[in-house]
Amino acid sequence: MSPIAGITLSSVPAAAMLLFTFAGLNTTVSPTIAGALQHFAAGVLLCTVGTELLPAMVGAEGWKENFAAFIGFFSGVAVLIALGVIVPDTELDIVREEDDVEQVPVDGQEDEQQDD
């Protein structure tokens, strides 16, 4: 494939990403949809990792290559766990602030709360 054809072919998804990024800037997505998209992205990531690492692990010969694959994989897991501990989770703070919003009683519930 020529470089021009490669650039042309790769510019289509890049342009689509840019277009949909601008389209989605002022869009609010429900937590259910956001969770579904995050799970989908996690599945794509796991599929990619499996596709890239498993052939290398299966094709490893001798204890040195197997040990290197083992250390590399679990080092990556350790880095992700460490990042989860070090970097604060700001989404939980936002959810907690939304939970602190004053609840307005529905008709009939206000009278029941005063009786208690």
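The values are calculated or read from the model by the stated rules, or taken from the named source; none is laboratory data. Being a predicted model, the structure only gives us computed values, none of them experimental. With ideal geometry, Cβ positions are generated from the backbone for all residues, glycine too; neighbour counts draw on all protein chains shown.
Is there a residue being exposed (fewer than 10 other Cβ atoms within 10 Å of the Cβ) and part of a loop (DSSP other than H, G, I, E, B) anywhere in segment 30-38?
For segment 30-38, residues exposed (fewer than 10 other Cβ atoms within 10 Å of the Cβ) and part of a loop (DSSP other than H, G, I, E, B): present.
Does Thr48 meet the test of being surrounded by 10 or more Cβ atoms within 10 Å (Cβ to Cβ), modelled with pLDDT of 85 or more and of a type in the set (S, T, N, Q)? Show your work before the answer.
Values: surrounded by 10 or more Cβ atoms within 10 Å (Cβ to Cβ): yes; modelled with pLDDT of 85 or more: yes; of a type in the set (S, T, N, Q): yes.
Criteria met by Thr48.
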